[in-house]
Each structure stands twice: as C-alpha cells, then as structure tokens.
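Student: Let me give you the structure first, and then I'll get to my questions.
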Amino acid sequence: MPAEIACGANMGLTFKNSVLPAHISSIQPAVAAGQLVPGGQLVEPRAAMTQGSLLVYFELVHPEHASIMLDGSGCIVQTYTNNLPGFGGHVISATGVIKAIGLRLKVWGALISGIGLSGGGGH
C-alpha cells in the first residue's frame, strides 16, 4: 500500500521534504483475546471498548530520505489503498486525492501554529 509520512522535524517554510512518500512493507499479525501484551496484562475485548492499535512497518520510497528523519519525531501517516477492483474501487481511490490534500493542510496548519503565525502568543 502506498503511504505518505509527514514528521514535525521535517516541516519547513519551503515544504521541501515535508511529506515523504513511503509504502507499507509489513503489518504485525493480530493478537488473539486472552494473550499477553507487553505490559503483562490479559487482553479481553469486552473489558475495554476503545480503539485498538496496529503495528505497521513502512519503507521510504527514496532511501536518502531516511537521513533527514529524526528519531523520536512525531509524525502523521496517511495510507492509500490501491487494490480495489471495479467502479467502487475507483471511487474509493479517488478519495485518496482528498486525503492527500487534507494531509498537506494538516502540515501547513502545524507549520503555521509552530512558528507563531496562528496567533495566541502572549506578547
């Protein structure tokens, strides 16, 4: 699956290397209910009705981008599907354009709020 990664440490006024292309290389298999998690606590789906998490490994499309990413930086990731056949698949894939625009608007908003152009400063 194709993906895009936007990290806080890479945001700049020029938008160069602000959104990096990537793809999903692997996804961790699901853990069944009742198995141990790293905290040593048993997992029961009925106990907590919160959203779960998924461990996904990404590979950057351009390996040279790995050198500009900082360890521990907060990132936003947007994935896109490319394996749906027929007209319905084309409609769902078309929403990817909207998601891509949304990701760039989030980056722009984070950039503006991070450099103080959004106001709220106590001058």
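Student: Full-extension gain between residue 27 and residue 60, please, as 0.36 nm times their residue separation minus the C-alpha to C-alpha distance. Walk me through the numbers before you get to the answer.
Tutor: On the way: separation 33, 0.36 × 33 = 11.88 nm, distance 1.53 nm.
This chain segment gains 10.3 nm when fully extended.
Student: Go through the range 93-100 residue by residue and turn each phi into a ³J(HN,Hα) via Karplus (6.51, -1.76, 1.60, θ = phi - 60°); whole Hz please, and just put x for glycine and proline.
Tutor: 5, 5, 5, x, 5, 5, 5, 5
Student: Could you work out how much longer the chain between residue 100 and residue 87 gets when fully extended? Use 0.36 nm per residue separation minus the Cα distance between them, nm to one decimal. Kindly include the intermediate steps, with their values, before the conclusion.
Tutor: Details: separation 13, 0.36 × 13 = 4.68 nm, distance 2.06 nm.
2.6 nm is the gain from fully extending residue 100 to residue 87.
Each value in this text was obtained by applying a stated rule to the coordinates, not by laboratory testing. Treat the numbers as computed from the prediction; the structure is a model and nothing was measured.
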